[in-house]
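The values are calculated or read from the model by the stated rules, or taken from the named source; none is laboratory data. Source: prediction; values computed, not measured. Positions of Cβ are backbone-derived with ideal geometry, glycine not excepted, and every protein chain shown enters the neighbour counts. Each accessible area value is taken on the protein alone, full model and side chains, heavy atoms only, with ligands, DNA and RNA left out. Shrake-Rupley method; radii C 1.70, N 1.55, O 1.52, S 1.80 Å.
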Amino acid sequence: MSADAPARRTRAARAERDERADGAVRADPAEGAERALGAESAESAAGAERADRADPAATADPGHRAGAEGRERLLAEVAALPNLPGVYRWLDAAGQVLYVGKARSLKKRVASYLHRDHDGTRIGQMVARIARLETTVVRTEAEALLLENNLIKTLAPRFNILFRDDKSYPYLKLVSHEYPRVAYFRGAVDRRHRYFGPYPNAWAVKQTIQLVQKVFRLRTCEDTVFANRSRPCLLYQIDRCSGPCAGRIGPAEYERDVRDAERFLLGDADGVIADLQSTMMTHAEALRFEEAAAVRDRIGSLSRVLQQQAVEQSSLSASDRDADILAVRVAGGRACVNLAMVRGGRHLGDRACFPSHVDEGAALGAVAESTADGSSGADGAGGAAPSVPEVAVLEAFVAQHYLVQPLPPLLVTSHPVGAALIEALSGHAGTRVRCTHQPREQRRIWLEMAAKGAELALARLLAEEGSQQQRTRALVEALDLDVADPSALRVECFDVSHTAGEATQASCVVYEGHAMQPSQYRRFNVEGVQGGDDYAAMRQVLTRRYARLAEAVAAGRADDGGGEGTVQGAAELAAVDASAGGAAGGAAGGAAGGAAGGAAGGASGPAVPPARTRRAPRTAARMPDLVLIDGGRGQVGVAREVFEELGLDVGLIVGVEKGEGRKVGREELVFADGRPKVALGHDSAALMLVAQIRDEAHRFAITGMRARRAGVRTGGSRLEEIPGVGPRKRARLLQRFGGLRGVASAGVDDLAGVEGISRELAEEIYRALH
């Protein structure tokens, strides 16, 4: 027997095994994937064992051992997954959620990530960071879809397409009253009143209110004002109100105007115009020509509004009069979804939404869909090809947006949306929803308008981002900063604000990733210093901000300027992390309970354990690359002393000193390390960025100072200390009684009469103020 016979037998056995695995893949792609995965697991284990025997150094390497053991554990978990619908979550070693996905079959879908070589792709970047898997079994695909998007909104994974649309949409509110008033409204809905909308923006609501005032002459004043007027206000004089406060119109006539306004807002504009025309003719026949002329003017105002619409809606059915138009455009690594709202047959305007993680989410979703079962669309449920990024972005928006926003009976989309998604949303909303991506006639014109709006909004965003990136690069070059990647530049800017020494407050704003980062802003209440002493205030603020961070840098627990990290100190990070974990766990647990209640037993993991799914910080802390101080040599000198005491690099400190005449564009930069002043010039892109950051710090400090000063002067802080009295309730109390003195003099019954104040809370407020 030749010396290489064992090697030939090993190669033959391996070829036979690979052929069997390939045959299994051709017969059943999913089952073949599982077998190939098992073969890969066995081969990986055998290879690791041979390598350990051959190389004792590898055996002694704990990191190598841990990586191999983690991979084997993941493969074992995947092999034990059930062929049931559910949601899976990939996590990294720090416990941060990388990706949340849904699956018709958890075993097939999850296996698709691990049985192929994804090197050089975005999915490969994620797979390389996977350390742990969590799954939740549900009963149906619809429950999986709802739970998936609830978790995406709660956890904000790194590789999911994410829409941050936290602002609520405004409504037009018709307040219940003998003489109902029309008002702008945003917030939680009270069933005692009637609401119309939602509207895409505040401007659309206010425009509609002006129309209702002009045509139907409904009042807009508060009930407290209405109850105390003896003569009508100016709105009555200019024919924008019928004057019910002074008895200029009876309840029956006013109620008729309210009904007409409701009909118009619900889309029956033609019927309202017909009734007004009949009323006009009645007045004319009775020779009441002035009243007939007034009705004629109302008809003209209403007709002009309807003519401003881009389409003629007379042929629309009742179900088509309420619709959302969705158009998506993707370019330059960014995407825009333009949402246009049609209510009552009226085009109310549009609103552009820009998601994050577009490239990662689209690529990852496409690979996952294609490798799981070879189908197209959302789990093969009749969707479009997942390789189209517009489809992935549009489906992500539809799923995340309509889980929390009202769902109209009709969706008109620029690209096809999976039928399973629409069915799940219909079940969630409790109403039948139709979706079309090839509209005709009026709906086609609406879609073309939305598509053009998306194109323009995306072009504007790309232009703005390009300009901002240019400013960042110019600042790095002008100050010769040691930053390899301008997108990683982190700037913190400080400003102190007070009114003659009263309510001193300082601000810290953050610029990173070519944009301001409002979520990382901080305010500091300055205590224990003499009023008006800006130097002492700046010393206190910088010490509080960087003391813990300096300790972390000295101990090697922080990044001193080159890597990623959060901005809080170590103790603050622990508090933030704990609160974030509780919030995420609570929200995710609620999502799991709502979407997957009563799910089949045997889930491979808990629904969403708070301790394991919270978003961990990237690193302990990070020093900024540049510290801007709003001030000249005096403030910079104080900052230098603080940094020297803390052992930090004084070269990071730059003061923004106002130039000659304190005019914008003439600012000079003062350096703490002794370099001479620099005047960049009024047309410098670097100076524009410095001024932008400085102005934001000034704005943030001033708004905080004013709020604190108002609390001190009115005593509002005493109300803040009462449990259960938040900003809205405090504002209502102060508005009703004219200040804290009026609240303190009010009885329990009077306090309980304020909206949102229960009897128990009124008694608590009374005890706290007496």
Quiz item: Residues of region 163-208 being over 28 Å from the mean Cα position of the chain (by Cα) and closer than 21 Å to E253 by Cβ, which ones?
Solution: L174, V175, S176, H177, E178, Y179, P180, R181, V182
Quiz item: So which pairs qualify, if the first residue must be in region 322-333 and among the aliphatic types (A, V, I, L, M), the second must be surrounded by fewer than 22 Cβ atoms within 10 Å (Cβ to Cβ) and in a strand (DSSP E or B), the Cβ gap must be under 6 Å, and the two must be at least 6 apart or on different chains?
Solution: A323/L410
Quiz item: Quick one: would you say A293 is at pLDDT 85 or above, surrounded by fewer than 18 Cβ atoms within 10 Å (Cβ to Cβ), out of contact with any helix residue (DSSP H, G or I) (no Cβ under 6 Å at 6 or more places or on another chain) and more than 23 Å from L348 (Cα to Cα)?
Solution: yes
Self-check item: Selection status of G361, at pLDDT below 80 and under 29 Å from the mean Cα position of the chain (by Cα)
Solution: yes
Exercise. Confirm whether H514 is open to solvent by 50 Å² or more (accessible area, probe 1.4 Å), closer than 24 Å to H698 by Cα and either touching a strand residue (DSSP E or B) at 6+ places or on another chain (Cβ under 7 Å) or in contact (Cβ under 8 Å) with a residue 40 or more places away in the chain (or both).
Key: no
Self-check item: Subset of region 435-449 that is in a helix (DSSP H, G or I) and in contact with a Ser or Thr (Cβ under 9 Å, 6 or more places away or on another chain) - its residue that is surrounded by the fewest Cβ atoms within 10 Å (Cβ to Cβ)
Solution: E441
Exercise. State yes or no: is Y169 free of Cβ contacts under 8 Å to residues at least 60 places away in the same chain and either hydrophobic (A, V, I, L, M, F, W, C) or more than 20 Å from V393 (Cα to Cα) (or both)?
Key: no
Self-check item: Meets criteria (out of contact with any Pro (no Cβ under 6 Å at 6 or more places or on another chain), touching a residue at least 12 places away in the same chain (Cβ under 8 Å) and of a type in the set (D, E)) for D534
Solution: yes
Practice problem: Working only within region 263-282, note down all residues that are open to solvent by less than 20 Å² (accessible area, probe 1.4 Å), under 23 Å from M341 (Cα atoms) and either among the polar types (S, T, N, Q) or assigned to a helix (DSSP H, G or I) (or both). | Solution: F264, A269, G271, V272
Practice problem: Kindly check whether there is at least one residue in region 460-475 that is at pLDDT 85 or above and assigned to a loop (DSSP other than H, G, I, E, B). | Solution: no
Quiz prompt | Within region 408-429, tally of residues that are surrounded by fewer than 24 Cβ atoms within 10 Å (Cβ to Cβ), in contact (Cβ under 8 Å) with a residue 40 or more places away in the chain and in a loop (DSSP other than H, G, I, E, B) | solution = 4
Practice problem: Could you list all residues from region 122-141 that are among the basic types (K, R) and either over 13 Å from L91 (Cα atoms) or surrounded by fewer than 18 Cβ atoms within 10 Å (Cβ to Cβ) (or both)? | Solution: R122, R129, R139
Quiz item: Which residue pairs have Cβ atoms closer than 7 Å, lie 6 or more positions apart in sequence or on different chains, and pair a first residue in region 89-113 that is in contact (Cβ under 8 Å) with a residue 12 or more places away in the chain with a second residue that is in a loop (DSSP other than H, G, I, E, B) and aromatic (F, W, Y)?
Solution: L98/F159; Y99/F159
Practice problem: Please enumerate the residues belonging to region 730-770 that are among the basic types (K, R) and at pLDDT 85 or above. | Solution: R759
Quiz prompt | Selection count where residues are open to solvent by less than 70 Å² (accessible area, probe 1.4 Å) and either over 21 Å from V656 (Cα atoms) or among the hydrophobic types (A, V, I, L, M, F, W, C) (or both), scope region 450-468 | solution = 13
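Quick grid of which residues meet (1) open to solvent by less than 70 Å² (accessible area, probe 1.4 Å); (2) within 16 Å of V510 (Cα to Cα); (3) at pLDDT 85 or above:
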position: L646; (1), (2), (3): yes, no, yes
position: G665; (1), (2), (3): yes, no, no
position: V690; (1), (2), (3): yes, yes, yes
position: I702; (1), (2), (3): yes, no, yes
Quiz prompt | From L114, L84, residue being in contact with a helix residue (DSSP H, G or I) (Cβ under 7 Å, 6 or more places away or on another chain), at pLDDT below 85 and not hydroxyl-bearing (S, T, Y) | solution = L114
Exercise. Go through region 166-261 and tell me which strands (runs of 3 or more DSSP E), entirely inside it, have 2 or more residues that are open to solvent by less than 30 Å² (accessible area, probe 1.4 Å) and among the hydrophobic types (A, V, I, L, M, F, W, C).
Key: 171-175, 181-185
Quiz prompt | In region 720-743, the residues that are open to solvent by less than 30 Å² (accessible area, probe 1.4 Å) and in a helix (DSSP H, G or I) | solution = L733, L740, G742, V743
Quiz item: Would region 670-679 turn up any residue that is at pLDDT 85 or above, open to solvent by 20 Å² or more (accessible area, probe 1.4 Å), farther than 17 Å from V627 by Cα and charged (D, E, K, R)?
Solution: no
